[in-house]
1. (1) at negative phi; (2) at pLDDT below 90: which one isn't true of Gly36, the others all being true?
2. Please count how many residues of segment 45-77 are of a type in the set (Lys, Arg), in contact with a helix residue (DSSP H, G or I) (Cβ under 7 Å, 6 or more places away or on another chain) and farther than 17 Å from Arg92 by Cβ.
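The values are calculated or read from the model by the stated rules, or taken from the named source; none is laboratory data. Because the structure is predicted, anything quoted here is derived from the model rather than measured. Ideal geometry is used to build each Cβ from the backbone, glycine not excepted, and the neighbour counts take in all protein chains shown.
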Amino acid sequence: MMKPSGERNCVNSNASREAKLSASASFAATESESIGDSRENIARKEMVRRLRQERVSPDFIYAFEKTGNLVTNENRDLWTSKAFREWNRALRE
């Protein structure tokens with residue numbers, strides 16, 4: 001059964017994007033496996049690098065590094081009260 005062309009393009013686009021991400025992630029994983037980083041650590045380091053590149057507030061970056069959470073106005077209602085308190089506490093440090 002054929003998918004409408006819009007769906008097919010979306011699937012192909014997503015597959016292409018995933019392949020690119022997979023290739024860059026596998027390079028990073030190969031590089032860091034030699035120094036013992038987990039995939040989570042690799043992802044966090046990449047996120048911090050990109051946040052700095054975008055000149056995000058150092059307080060925001062610190063809170064992300066400390067909690068592992070990335071709280072925004074768009075997603076703040078999705079976090080538990082405990083996670084949100086931890087985030088706010090980290091922002092104030």
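1. Here Gly36 meets the rest and fails (1).
2. Going through segment 45-77 one residue at a time, the tally reaches 1.
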